1. Could you work out the relative contact order of region 1-109, using alpha carbon pairs under 8 angstrom and six or more residues apart, expressed as a whole percent?
2. Which of the lysines could a cross-linker span from K130 if the Cα-Cα distance has to be under 18 Å and same-chain partners fewer than 8 positions apart are dropped?
3. Assuming 0.36 nm per residue, please report the length gained on full extension of the stretch D17 to Y100 beyond their Cα-Cα distance.
4. Below 9 angstrom from the Cβ of V71, what's the summed charge of the other residues (Lys, Arg +1; Asp, Glu -1)?
5. What range in the chain is the longest one free of trypsin sites (Lys or Arg not before Pro) that are in a loop by DSSP and have at most 16 other Cβ atoms within 10 angstrom?
6. Quick one: angle between helix 88-101 and the longest Cα principal axis of the chain, in degrees between 0 and 90, rounded to 10, please.
7. Rounding to the nearest 10 and keeping the result within 0 to 90°, find how far the Cα-based axis of helix 115-127 lies from the longest principal axis of the chain.
Amino acid sequence: MIDLVDLKEFSLGQIADLINKEAEELIEIYVPKQTEQFFNERSDIAFDYIRAALAGQMLSDISGYFSYEEVLPEHWESILFKINVAEKEKLADVILQITYLYEFNDDPEGDEFEPQETIERFIGDIEEGKIIPVCPYFIDVWEEFSSE
């Protein structure tokens, strides 16, 4: 099990070492949900869900098997993704990028990974039909909470 919150200040090598210790064929990755309905602004909840949808998309893109748990907006709990990957090096890189997305780590190259631009590009790709989201529930919640 990999919990993104535990990866603050981890390097690519440290993440790769952690992944290589995973003996299970299905790797469980927990991504934090940082908002809760009735306690956070609608825009913050929408952002939380679009970010989770993007994290899921990034994991799915390298996975042979992918699943996720739907977490209701009124619940305060991490989101579980289950994946199976052949190339653990790619998984380490994707997890590192997701830590940038959640701003747990800073991109040492500076402007190579910009979380907001990456999210905006993801939204544009969805709206233009360039991609089919693998976490449609998160997209539905994002749309619900991003509308006024």
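Quick note: the coordinates plus some simple rules give every number you see, no bench work behind them. Keep in mind the model is a prediction, meaning the values are calculated, not measured. As a convention, Cβ positions derive from the backbone with ideal geometry for all residues, glycine included, and neighbour counts pool all protein chains shown.
1. That works out to 35 percent.
2. The qualifying lysines are none; the list is empty.
3. Working it through step by step, the gained length comes to 28.0 nm.
4. My count for the surroundings of V71 gives -2.
5. Between exposed loop sites, the widest span is 22-129.
6. Taking the Cα atoms of the chain, the angle to 88-101 is about 40 degrees.
7. 60 degrees
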